[in-house]
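**Student:** Submitted below is the structure of interest, expressed as structure tokens.
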Amino acid sequence: MRLDKYLKVSRLIKRRTVANEACDAGRVLVNDKVARASYDVKEGDVITLMLGSREIRAEVLSVQETVSKSDTAMLYKLLS
């Protein structure tokens, strides 16, 4: 699954266009490397989001196309 779509499905970022813009600006890292929106997310990847003054690190536990809002917590584990 594309990185921008994963960020939207997991609700780490609310809209896919915002996720795409964050990737283009270099504010999204995967395994400590700047990642493009087209990056193919795999289980075990560590995603770092630098949004304003906050930094969010999450490990990908599962990759699914659609998930209900209550089940999004099963897609990733917050590291910090």
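Every number in this text was worked out from the coordinates using simple rules, so none of it is lab data. What you are looking at is a predicted structure, and each value in this text was computed from that prediction instead of being measured. Reconstructed Cβ throughout: ideal geometry from the backbone, glycine too, with neighbour counts over all protein chains shown.
**Student:** Between Arg11 and Met74, what is the spin-label point distance in nm, taking each point 7 Å from the Cα along the Cα→C-beta axis?
**Tutor:** Output for this residue pair reads 1.4 nm.
**Student:** Do any GluC sites (Glu not before Pro) in the chain lie in a loop, going by DSSP, with at most 15 other beta-carbon atoms within 10 Å of their beta carbon, and if so which?
**Tutor:** Sites meeting the loop and neighbour criteria: Glu43, Glu65.
**Student:** Which order do the peptides 8-19, 69-80, 26-37 come out in when sorted by mean C-beta neighbours inside 10 angstrom, highest first? Please report the intermediate quantities before stating the final value.
**Tutor:** On the way: 8-19: 16.8, 69-80: 12.2, 26-37: 15.1.
In descending order of packing, they fall as 8-19, 26-37, 69-80.
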